1. Provide a single number: the residues in the stretch 176-191 that are in a loop (DSSP other than H, G, I, E, B) and under 15 Å from residue 154 (Cα atoms).
2. Conditions first: (1) over 29 Å from residue 87 (Cβ atoms); (2) β-branched (Val, Ile, Thr); (3) out of contact with any strand residue (DSSP E or B) (no Cβ under 6 Å at 6 or more places or on another chain). Residue 168 passes all but one, so which condition is the exception?
3. Could you please find all residues in the stretch 11-50 being over 21 Å from residue 122 (Cα atoms), in contact with a strand residue (DSSP E or B) (Cβ under 9 Å, 6 or more places away or on another chain) and not in a loop (DSSP other than H, G, I, E, B)?
4. What residue, among those in the stretch 115-163 that are part of a helix (DSSP H, G or I) and charged (D, E, K, R), is nearest to residue 245 (Cα to Cα)?
5. Being basic (Lys, Arg), over 23 Å from residue 12 (Cα atoms), modelled with pLDDT of 90 or more and touching a Gly at 6+ places or on another chain (Cβ under 8 Å) is true for just one of 150, 162. Which residue is that?
6. All but one of (1) surrounded by fewer than 16 Cβ atoms within 10 Å (Cβ to Cβ); (2) touching a residue at least 40 places away in the same chain (Cβ under 8 Å) hold for residue 85; state the number of the condition that does not hold.
7. Within the set of pairs 6+ apart or on separate chains, which have a first residue in the stretch 144-155 that is free of Cβ contacts under 8 Å to residues at least 40 places away in the same chain, a second that is among the aliphatic types (A, V, I, L, M) and assigned to a loop (DSSP other than H, G, I, E, B), and C-beta atoms under 6 Å apart?
8. Just checking, how many residues over the stretch 30-56 are surrounded by fewer than 17 Cβ atoms within 10 Å (Cβ to Cβ) and under 25 Å from the mean Cα position of the chain (by Cα)?
Amino acid sequence: MPGIRLQKILSSAGVASRRAAERLIVEGRVTVNGEAIRELGTRADPATDDIRVDGRRVRIAERRRYYLLNKPRGYVTTRADPEHRPTVLDLLKGVREYVYPVGRLDYDSEGLLLLTNDGELAAHLMHPRHGLERVYEARVRGVPGLSALRHLARGVLLDGRRTRPAEVTLAETGRGQRGDQAIVRITLREGRTRQVRRMCEAVGHPVVRLKRVRIGPISDPRLPPGAFRELTADEVRRLKAALLATDEVQLA
């Protein structure tokens, strides 16, 4: 059958990763020439067909964009929120391209977040088999002892499944108004829902504040909360190289 699979078209256009694009199709939010499409095997020609998502015309992105945002607390990591809360897209003033966040940070979490219109790279970054490192600094109640730190590092049972081994260090103590809080630095290679918070709670040290400080090789301690910038060509190259190091991934 001629044409290109719809999910690949949407991914290439920067609308969503392939996995997220499949959900859009199944939900009936994608139309081709005015007809709602729900079958994942559907193909289309982006040069001749009228392809729309939620009524908005899909166009193949002319240039791939990669942005790094220091997300503050109080923003949801999505393009739109049914509860009308502020989204991370509200912070990208002046960005005209249709970019979307890669992965998530909770509403009450902060730190580094990538946004792009490169669907292929986004799909690889979010795929669990690649295990790209994400580094978090969690301010927790109490001061975790050696046993708690080892428990976090070995893995914690969440929903009946143990988390992958992590790198865990006690970075600082004496935090909080009463000096009874500590900062734990955790490096993960997976991304379950509210994982760091749930892990710390499981060992008796609930998270007071959570910040992501590194994504693979990408970090920027000088980027203020709420600010964003484009990744440099070297950062994009290093990000792709980090993925290639975890798996034989072909990235353009």
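The values are calculated or read from the model by the stated rules, or taken from the named source; none is laboratory data. Being a predicted model, the structure only gives us computed values, none of them experimental. Here the Cβ positions follow ideal geometry from the backbone for every residue, glycine too, while neighbour counts run over all protein chains shown.
1. Final tally of qualifying residues: 2.
2. Single failed check for residue 168: (3).
3. 31, 32, 36, 37, 43, 44
4. So, considering only residues that are part of a helix (DSSP H, G or I) and charged (D, E, K, R), the one nearest to residue 245 (Cα to Cα) is 129.
5. Unique residue meeting the criteria: 162.
6. Of everything listed in (1) surrounded by fewer than 16 Cβ atoms within 10 Å (Cβ to Cβ); (2) touching a residue at least 40 places away in the same chain (Cβ under 8 Å), residue 85 misses just condition (2).
7. Correct list of pairs: 153/166.
8. 4
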